[in-house]
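> Could you have a look at this structure, given as structure tokens, before my questions?
Read-outs: derived from the displayed coordinates by stated rules, not from any lab. Nothing here was measured: the structure is a model prediction, and the numbers come from that model. No Cβ is skipped: glycine too gets one built from the backbone with ideal geometry, and neighbour counts run over all protein chains shown.
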Ligand code: HEM
Ligand code: SF4
């Protein structure tokens, strides 16, 4: 499982990086960026999914 | 609100400035969603009101058929020539112009910039609360919530702190005065621009370390931003940042005052604050935006006409049972919570990180001083109508 971030959909709501600061960060404009681009460790999957489930723009996918 | 006749049929004659809507719009939204999910009214020269999340989201993301040339509904439609910048870029701008006007603002409101403003915001909240010491009843809207965003944005812009009452007057005029005659509304705008212009000219001559100077030093299309763009953006920040945040803080205190279980939970589990704020924003989303229809166009079977208004009710979207489980229940740790209080799509609130910081600090400091409080008289609470809804009179019993 990996995190897929669609930067065109992201509008910088910041829900992901406040929920999962170990997995997501932000650029100077507050747009999301991935910290973990590799395969997720098992214990990270739940948190990644939580962030995805709270993104108002449906910009995050865990697959 | 002055003027408009009282609404008797919401499905054919809605009016978001009606007293019943200001007092409690949620039952009206629920009924519309069930019976007439894209309602129409002849008021304001023709307007539509979608109440399903799905439709609000579709319209917010459809800049081809809907323009942001005006985002506040009134009898008056601003001239076509204003597009694509509009009266207050970026909120009134359409693509492709919108992106550059927005990008310029984002770094100023990024999480890292906003973090630095937290200590001064906290100190100011403490100062406000200290001034209320000894009172048993305080007006959480007028004596507390109203002041916080005014001070914060005035500091960011580099405007004199003591001008706070003036800004609030301008803001009220623009947002709550939608039923006023056009001449009066124009006077309100002129006063705001006349107040701001000397400040801007002063920064042209003597740049300082503030947001006005930053904007003046910014470039658009490789050219320095002209002072008229700057004055309009500054006006937007005053208008977009003040009574929105004031409403969100007030509505949160109102909810906690009438919900002792939630209050106790938040006091005992302060780590809930971030999700609690998202949930309070969802449940009491203060901001409704608007669009104008560009050309005749059928939306969900509704014959929309060019220049019709469409209200983008983020509050209604946030209460749609098809999108949220038990939408009328406030659940402080609700998850998932893809609420739309800050809008959806390209105009998503540029100030959301600032707004959240102000809400969090304001609530943290309030419950620190008043861990136990309640509504002094539920009947005395008064809510603003129009497109920004929040408590304007909010007497809270804080003492014995
Ligand atoms: C809880 C408080 C707030 C709420 C609920 C809120 C809500 C919104 C909403 C719904 C929009 C979308 C507009 C649209 O779709 O047409 C918006 C846009 C905007 N807001 Fe906020 N806002 C808040 C506070 C602030 C603050 C504090 C500022 C800055 C001082 C701010 C600045 C802006 C700007 C500049 C835009 C336009 C962005 C664009 O068009 O790209 N807002 N806000
Ligand atoms: S929650 Fe979604 S829109 Fe917001 S910053 Fe993260 S990816 Fe972007």
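> Would you please report the Å³ per residue occupied by the convex hull of the alpha carbon atoms in the stretch A:3-62? Spell out each step's value before the answer.
Numbers: hull volume 4.0 nm³, N = 60.
It comes to 67 Å³ per residue, whole-number rounded.
> Taking the Kirkwood radius as the inverse of the mean 1/r across Cα pairs, report the Rg/Rh of the stretch B:95-134. Show your work: numbers first, answer last.
Working: Rg = 16.7 Å, Rh = 12.6 Å.
A ratio of 1.33.
> Another question, then. I'd like the per residue volume of the convex hull spanned by the Cα atoms of chain B, given in cubic angstrom. It would help to have the intermediate numbers written out before the result.
Numbers: hull volume 53.8 nm³, N = 400.
Given the Cα convex hull of chain B, per-residue volume reads 135 Å³.
> Per-residue mean of other chain beta-carbon atoms within 10 angstrom of the beta-carbon, peptide A:9-20?
Values: counts 2, 1, 11, 10, 12, 6, 7, 0, 1, 6, 4, 0.
Going residue by residue through A:9-20 and averaging, the value is 5.
> I've got another one for you. Using Cβ counts within 10 Å as a stand-in for footprinting exposure, how do B:156, B:273, A:1, B:289 rank, fewest first?
Numbers: B:156 20, B:273 17, A:1 12, B:289 23.
Listing B:156, B:273, A:1, B:289 from fewest to most nearby Cβ atoms yields A:1, B:273, B:156, B:289.
> Taking a point 7 angstrom from the Cα of residue B:26 along the C-beta vector, which residues in the stretch B:232-261 have backbone N less than 11 Å away?
B:255
> Quick check: pseudo-label points 7 Å beyond the Cα along Cα→Cβ at residue B:162 and residue B:217, how many nm apart are they?
In this crude spin-label approximation the distance works out to 2.9 nm.
> If I stretch the segment between residue B:208 and residue B:34 completely, what's the gain in nm (0.36 nm per residue apart, minus their alpha carbon distance), one decimal?
Details: separation 174, 0.36 × 174 = 62.64 nm, distance 5.41 nm.
Taking 0.36 nm per residue and subtracting the Cα distance, the gain is 57.2 nm.
> What are the radius of gyration and Dmax of the protein assembly as shown, computed over its Cα atoms and given in Å?
Over the protein assembly as shown's Cα set, Rg and Dmax evaluate to 21.5, 63 Å.
> Then there's this: Counting other beta carbons within 10 Å of each residue's own, what order do B:55, B:30, B:94, B:328 fall into, fewest first? Kindly include the intermediate steps, with their values, before the conclusion.
Working: B:55 24, B:30 17, B:94 21, B:328 11.
Ascending number of Cβ neighbours within 10 Å: B:328, B:30, B:94, B:55.
> In peptide B:351-358, how many Cβ atoms from other protein chains are near each Cβ within 10 Å, on average? List each step's numbers first, then the result.
Working: counts 0, 6, 6, 0, 0, 2, 0, 0.
Going residue by residue through B:351-358 and averaging, the value is 2.
> Based on the Cβ-Cβ distance from residue B:127 to residue B:187, what FRET efficiency comes out when R0 is 35 Å, to the nearest 0.05?
Numbers: r = 34 Å, r/R0 = 0.97.
With R0 = 35 Å, the Cβ-Cβ based efficiency is 0.55.
> Other chains' Cβ within 10 Å of A:46-58 residues: what's the mean?
Values: counts 0, 0, 0, 1, 2, 1, 2, 4, 8, 2, 12, 7, 2.
Rounded to a whole number, the mean comes out at 3.
> Where does the stretch B:200-266 land on the Kirkwood hydrodynamic radius, alpha-carbon pairs, in angstrom?
On the way: mean 1/r = 0.0679 Å⁻¹.
Result for the stretch B:200-266, one decimal place: 14.7 Å.
> Using the number of other C-beta atoms within 10 angstrom as an exposure proxy, rank B:361, B:38 with the fewest first. Please list the in-between numbers first.
Numbers: B:361 24, B:38 19.
Ranking B:361, B:38 by Cβ neighbours within 10 Å, fewest first, gives B:38, B:361.
> Moving to a separate point now. Go ahead and estimate [θ] at 222 nm for the protein assembly as shown from helices alone: -39,500 (n - 2.57) per DSSP H run with n ≥ 4, summed, over the residue count, rounded to 500.
Values: 19 runs with 200 residues, N = 463.
Per the formula, -13000 deg cm²/dmol.
> Given a cut-off of under 8 Å on Cα pairs at least six residues apart, what relative contact order in percent is computed for the stretch A:3-62? Please report the intermediate quantities before stating the final value.
Working: 91 pairs, mean separation 27.2, N = 60.
It rounds to 45 percent for the stretch A:3-62.
> Right, another one. Output the relative contact order of chain B, whole-number percent, from Cα pairs under 8 angstrom with separation of 6+ residues.
Details: 678 pairs, mean separation 105.1, N = 400.
Across chain B, relative contact order equals 26 percent.
> In the stretch B:73-101, which residues have a backbone nitrogen under 18 Å from the label point lying 7 Å from residue B:62's Cα in the Cα-to-Cβ direction?
B:94-95
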